[in-house]
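Colleague: Encoded as structure tokens, here's the structure I'll be asking about.
The values are calculated or read from the model by the stated rules, or taken from the named source; none is laboratory data. These numbers come from a predicted model, not from an experiment. Cβ coordinates were reconstructed from backbone atoms using ideal geometry, including for glycine residues, and neighbour counts include every protein chain displayed.
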Amino acid sequence: MFRSYMRQRQGKQIKLVKEHGAFSCIRTVWFTSRINSKMATSSSVPDDFLNKLAPGYREFVEDNPSRLPSLHGAPWSPAFRQPPPGGPPDLGAGSPVPVGSQRTIDLGNFSLQVMVPSDEKPEAGWPVVLFVHGGGWVFGSAAMDNGLLSRLCVGSKCVVVSVEYRLAPEHPYPAALDDSWDSLVWLHKDGVEQLGIDPSRIALMGSSVGASLAAIVAQRASLSSPRIPIKLQILLVPFIDASFTAEDRSRWTPSMVEYENNFSLPVLNMLWLRDKYLPDPKDWTNPEASPNYQENKAAFAGVPSTLIVVAELDYLRNDGELYARKLEQFGVAVTVKVLKGLTHMGIRADRVSSVVIKSLVD
């Protein structure tokens, strides 16, 4: 996907593409293994929902039917991040593949995980993908998607840099955003010397809340002086609007209503996470928390061609589609890919659906 999208990206029309299979990316709820056992519940996924799932993923879900526990109203505890005795749950994600080299760069408040291909470096330098992980701002790590990132590194012959940003609630808004932004600034300024990258070929990529952070970073880059050029933006199952509430359902999107209690990512769980990163409701409509609230034309003038990938059975599906319309209104070329039969978590289950990696790097 990365190589072909770079080749074929033309025009400013929004395209909707439906595709069976999965997409290997992170999801906001990787913390299923992190919840206190007293809170955890398990029940089978309803047959009518199972029938909507893509082949391969359906069978996987049938063998792994646990629902997410309800977090709504639960007090925060750092113990939520502790792995259970049996280790993290199997989400269907593939193992990492060998890359040329891997290192960690410490930037003070946060760090960067760097993967470099084994191929010979291009004369102009490596193209680079700056990746921002998901986990609801509260969970996750730069290494949690090494299967995806290593395949991207090898398949697209690019350097991949993943941000180990500070997590909420210990570090609320705007810590994760500032760390993501500082990563781009460092990459553009020091990446040539330290990583051998081509600063004219920087792509931004993120998943779930990481996609939200990436989208906001792209807007910041457009507003910066001098402007930091971004070649491509890839937003995977993006969380775009932090202003929704459990009380005012009249504002909910159709996909929120339809998949409110989806076993993969319930709406109330996402709002619980939102409150940990954005404890002040006044920030919920700030464009630096909800990128769809941005109305400054200059913030989109430098936003590059964008690929938005959404999962058909994800309550966040409409978030991605609405942000695509926002970008298109400001003249940004956008492609929206709807992956049929997948949930928010399911789009990273590349081990159980061969379509995932093929869709990503071909």
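Colleague: Could you tell me whether region 115-135 includes any residue that is of a type in the set (F, W, Y), within 30 Å of T285 (Cα to Cα) and over 17 Å from the mean Cα position of the chain (by Cα)?
Modeller: No, region 115-135 contains no residue that is of a type in the set (F, W, Y), within 30 Å of T285 (Cα to Cα) and over 17 Å from the mean Cα position of the chain (by Cα).
Colleague: On to the next question. Only residues in region 205-226 that are closer than 9 Å to F239 by Cβ and of a type in the set (S, T, Y) count as the first member; pair them with residues that are in a helix (DSSP H, G or I) and modelled with pLDDT of 95 or more, Cβ under 8 angstrom, at least 6 apart or cross-chain, and list the lot.
Modeller: Between residues of region 205-226 that are closer than 9 Å to F239 by Cβ and of a type in the set (S, T, Y) and residues that are in a helix (DSSP H, G or I) and modelled with pLDDT of 95 or more, the close pairs are S212/P291.
Colleague: Right, another one. So which pairs qualify, if the first residue must be in region 285-313 and on the phi < 0 side of the Ramachandran plot and surrounded by 19 or more Cβ atoms within 10 Å (Cβ to Cβ), the second must be among the acidic types (D, E) and part of a loop (DSSP other than H, G, I, E, B), the Cβ gap must be under 8 Å, and the two must be at least 6 apart or on different chains?
Modeller: S290/D241; N292/D241
Colleague: Counting only residues that are aromatic (F, W, Y) and at pLDDT 80 or above, which one in region 31-80 is farthest from A311 (Cα to Cα)?
Modeller: Checking each candidate, the answer is W76.
Colleague: At least 3 residues that are in contact (Cβ under 8 Å) with a residue 60 or more places away in the chain and under 30 Å from W272 (Cβ atoms) in each: list the strands (runs of 3 or more DSSP E) lying fully within region 99-202 that qualify.
Modeller: In region 99-202, 126-132 are the strands (runs of 3 or more DSSP E) which contain 3 or more residues that are in contact (Cβ under 8 Å) with a residue 60 or more places away in the chain and under 30 Å from W272 (Cβ atoms).
Colleague: Please work out which residue is nearest to the chain's Cα centre (by Cα), limiting yourself to region 223-246 and to residues that are surrounded by fewer than 22 Cβ atoms within 10 Å (Cβ to Cβ) and either in a helix (DSSP H, G or I) or among the charged types (D, E, K, R) (or both).
Modeller: The selected residue is K231.
Colleague: Okay, next question. Just give me the residues in region 247-287 being more than 26 Å from D48 (Cα to Cα), charged (D, E, K, R) and outside any loop (DSSP other than H, G, I, E, B), in sequence order.
Modeller: R251, R274, D275, K276, K282, D283
Colleague: Could you check region 309-350 and list, in sequence order, the residues that are among the charged types (D, E, K, R), at pLDDT 90 or above and not in a helix (DSSP H, G or I)?
Modeller: Scanning region 309-350 gives E312, D314, K337.
Colleague: Now for a separate question. Restricting attention to region 123-149, which residues are among the charged types (D, E, K, R) and crowded, with 24+ Cβ neighbours inside 10 Å?
Modeller: If the condition is that a residue be among the charged types (D, E, K, R) and crowded, with 24+ Cβ neighbours inside 10 Å, then D145 is the only one that fits.
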